[in-house]
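K.L.:
My questions will all concern the structure given below.
The values are calculated or read from the model by the stated rules, or taken from the named source; none is laboratory data. Since we're looking at a predicted model, the values are computed, not measured. Heads up, the Cβs are rebuilt from the backbone with ideal geometry, glycines too, and the neighbour counts pull from every protein chain shown. Just the protein is used for accessible areas: all its heavy atoms, side chains included, with ligands, DNA and RNA removed. Shrake-Rupley method; radii C 1.70, N 1.55, O 1.52, S 1.80 Å.
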Amino acid sequence: LACITNRQATQISDAIFCRAGAVPGVLDAVIVQESSLSADIATIAQLKADRGIKCVDVKHQMIIAYETQVAQGHGSIDFFPQSHSGAVTLELLKIQDPFPGDSKILWIRYVRSGDGQRFNEKVQVSSSGNVQLKQVALDMEYGSPTGGVQMNISKEEFVTCMLANPVLTEPLRQLSTTDCSCRRVPDGIPIKLDVAIVDPTQEAAEDDFMDAANVRQSILLEVWDHDTISKDEFLGECWLPPLSTLGSTPRKLVLPVRNAPSDQQGYTRPHASKKLGLKIKCTGDLFVEVSWVFPAEEPPATSDSSSVHDRAHQEEMLHTGKLHLKIIKAEDLRSGADLQTNKADPYVYVYIRNETFGKNDHARGIGHYGWRTSVTTGQHDPLWHTSWKNGTLNPEWNEENTFMIPAGAFEKKMKKKEGPGRHGAAHGKKHDLAVLADQSELRIHFGESTDDAPVRGQESGHRHRVEVFLGDSIHNFRNKLQSACEVEASKETDASLKKSYEAVAANMTSNHAVMVFVPSPKLRELHQQQREKSYEYRRLYKVEEQDPSSWQPLDPVRTFSHYAAMYGFGHPQMSQRLKVVEGNEDYKLKNTRYRIFMQDHARWESHVEETNTDLECFGYAQYMHHEDGGSKEWRQAIIERPDHVADSGQRRYNASFLHCPLPPTNLGDDEVSAAEAMESARAELDEAQLLLAPANPKILGSARLEHQEFLAKARHLHDDGMAEKDIVVALNDELKERWQKTKEVEEHEGQSHSPPPQLITLSDVQFALKHG
């Protein structure tokens, strides 16, 4: 497909598909005027340094000879392979014999493919220049256990490497697109889809954002005069500040007690006794102490097998805050109905209002304007009330209570979804589904014929004429969904639906997940028994459809044909259910399948080069080639936090090389060599033999908790003009002093004393000064 030589092809394949990126080749070559060499000479560098031995550099000629041989070697990249026929001479290798009439050694230093190991091979050359054929293995043996580990790649790895390299994909693209004619392309058959787009106008997302910024629950405090004979008299009211302005630390507030507004529509709790007229003026101050925590507590982590109830409980905890209210006292209240004594018997009622409800908006347990009401009587239901104090205008209560208050939008959604119902297991299940339920949905259909009634009737969601095929990827489907919504918006007369279609066409992004409905085994069994009309099937289908974890995300790079056998796409009679939801952190808590899907994607997209934790980080370390006289090479490695410090003060690091010789998969009788190979993957190295890749390597900081308190003082000592080495001494002296005192206490109490602490090093101080 491309004009390249065999050698170039092998180099490209090794660079692309080899995990270590190792490309085989000749590193060095010399001809030595000797018939044998001493074992003390292990490398070509030592040979060249020994002036008593004559040698000539033939690296250039051997590289050209190797390139020529690979180009003509019928796929073999070994030097002098066994399949090679005919004699080989120095003249054939384009090498002029430097020592005619003498026996010689052709010393070749090379790197092999697969693991990038370096080796040396000595080939005898006769006095006449004939080379004694000896295979130089630049290729790992694929059939061997060690070679199989290094050279074998999976189908997924092959496809990933192909897609990541344009040198390979571009010729394939050109080959597949040479015939651009569409004359012989058969007509595609559209697939039937029933698509639900959740929260098309993003109102629910805005509500969640508002809940985080402002809970939208208001607390009204009403002061009343208790009367055993007639009706209680209103003494005034005050509001708590917005809950979002409060914090977990209790705050004492002085709230002025005033008349209720004359216009009670939405500005106060409606009540006939609160209309006092212009002549009566409420006075005084109410002293309270209040704190607010949102969310009330950290929800427990859910497992992959969490039940609907567990996930609903976690969702509620994330949208529920804790209000602690203490009503301390009141001062200078106006007198009540007893004008003779000029006294009152005051008490305080606490009411809550959900600000997300309007005038004509109500739900079970919540009346107009969001005031909480009794489910049985329909009257306003107070959150709490204090006791009444007899005959005083300066009452002191010092009474307190704690309330769990859901966020306004969340409570409204939950109440609307629940509707009227009874208590018991069925109601609990209904409540859990209401908590997890999605918001408003926009329905749109694909694959219907022009003879279908909804298409003929030009019903909403059936007019766009956009077709989806099995060959379309999920990513392309999102684009077609936007096009369909644009057409629907242009034909829609209902203002609300038109707004929803326009919002989808304009705002859909790659964050929107396309999901398919996955029924449970019980529901599948009922379907196979053809019991779709039974009560059990309809009940179970409704429950599972509302459960977010019944919807499986589809991979955007895959096509519908990949999922056809699994989920039934392309069925001629049945429309497959799809749901489009904007993926976010909150949805991960609702849908276990989506959370696992995103975790898998994050794991696939993670790169080892990004490793930087408190225990290890990515970097480069000096790898020693034992077969090449101990030559060193910088290789990728995972470097661990040093466990100890040498006597010289230098740290010693354990480095695990990413690419090195691996043991055979079946050890057999070669357990010793396998253990040695495994050991070669790790090395204990000095700081000078390492290069840490991150700009801020976390392993350089001290991981010991007892050090953190002392290292926090390093910045102040440095600002006072103390040198880094003096800071180390000062901090260690303080550390030893504390340990000595602890030791004396433990010995006095008869306990075994703790071992001496590990001392703070200069690197710890330098890291603390640099990164805080």
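K.L.:
Mind checking which lysines have their Cα closer than 20 Å to the Cα of Lys134? Skip sequence neighbours fewer than 8 apart in that chain.
P.N.:
By straight Cα distance, Lys134 reaches Lys59, Lys94, Lys104, Lys122.
K.L.:
Let me ask something else about it. What's the tally of Lys pairs in segment 430-542 whose alpha-carbon atoms lie under 21 angstrom apart, where the two lysines are 8 or more places apart or on different chains?
P.N.:
Number of lysine pairs found: 9.
K.L.:
Here is a further query. Checking the cross-link filter: which lysines have an alpha carbon closer than 22 Å to that of Lys741, excluding same-chain neighbours under 8 positions apart?
P.N.:
Lys713
K.L.:
Under a straight-distance cross-link criterion of Cα-Cα below 19 Å, which lysines are reachable from Lys359, leaving out those fewer than 8 residues away in the same chain?
P.N.:
Here the lysines satisfying the reach criterion relative to Lys359 are Lys412, Lys413, Lys415, Lys416.
K.L.:
With the full set of protein chains in place, find how many percent of the accessible area of the chain is carbon and sulfur; take the probe as 1.4 Å.
P.N.:
So the carbon and sulfur contribution to the accessible surface is 51 percent.
K.L.:
Would you pull out the residues with amide H under 5 Å of Leu235's amide H, same chain only if 5 or more places away, H placed 1.01 Å from N?
P.N.:
Val223, Trp224, Asp225
K.L.:
Assuming a ≥ b ≥ c are the square roots of the Cα gyration tensor eigenvalues, decide whether the chain counts as rounded (a/c under 1.5), prolate (otherwise, with a/b larger than b/c) or oblate.
P.N.:
oblate
K.L.:
Which is farthest toward the positive dipole end of segment 477-541 among Ala505, Ala484, Tyr537, measuring Cα position about the Cα centre, with Cβ charges +1 (Lys, Arg) and -1 (Asp, Glu)?
P.N.:
Farthest towards the positive pole: Tyr537.
K.L.:
Based on the mean of other beta carbon atoms within 10 Å per residue, what is the order of 160-173, 258-271, most packed first?
P.N.:
258-271, 160-173
K.L.:
Any idea what the dipole of the chain comes to, in debye rounded to 20, about its Cα centre with Lys/Arg Cβ at +1 and Asp/Glu Cβ at -1?
P.N.:
The dipole of the chain has a size of about 2680 debye.
K.L.:
Let me ask something additional. Among 549-561, 526-538, what's the highest-first ranking by average C-beta atoms within 10 angstrom per residue?
P.N.:
Ranking the peptides 549-561, 526-538 by packing returns 549-561, 526-538.
K.L.:
Moving on to the next point. Given a 1.4 Å probe, how much area per residue of the chain is accessible, in Å²?
P.N.:
55
K.L.:
Can you tell me the alpha carbon radius of gyration of segment 533-634 divided by the globular rule-of-thumb value 2.2 N^0.38 Å?
P.N.:
Expressed relative to 2.2 N^0.38 Å, the Cα Rg reads 1.86.
K.L.:
Okay, next question. Using the Cα centre of segment 55-106 as the reference point, and only Cβ charges (+1 on K/R, -1 on D/E), how large is the resulting charge dipole? Debye, rounded to the nearest 20.
P.N.:
Result for segment 55-106 is approximately 40 debye, rounded to the nearest 20.
K.L.:
Further, regarding this structure: If you take the beta carbon distance between Ser561 and Thr402 as r and set R0 to 45 Å, what does 1/(1 + (r/R0)^6) give as a FRET efficiency, to the nearest 0.05?
P.N.:
After rounding to 0.05, the efficiency reads 0.20.
K.L.:
Treat every Asp and Glu Cβ in segment 677-772 as -1 and every Lys and Arg Cβ as +1, leave all other atoms uncharged, and give the resulting dipole magnitude about the Cα centre to the nearest 20 debye.
P.N.:
Using only the charged Cβ atoms, the result is roughly 320 debye.
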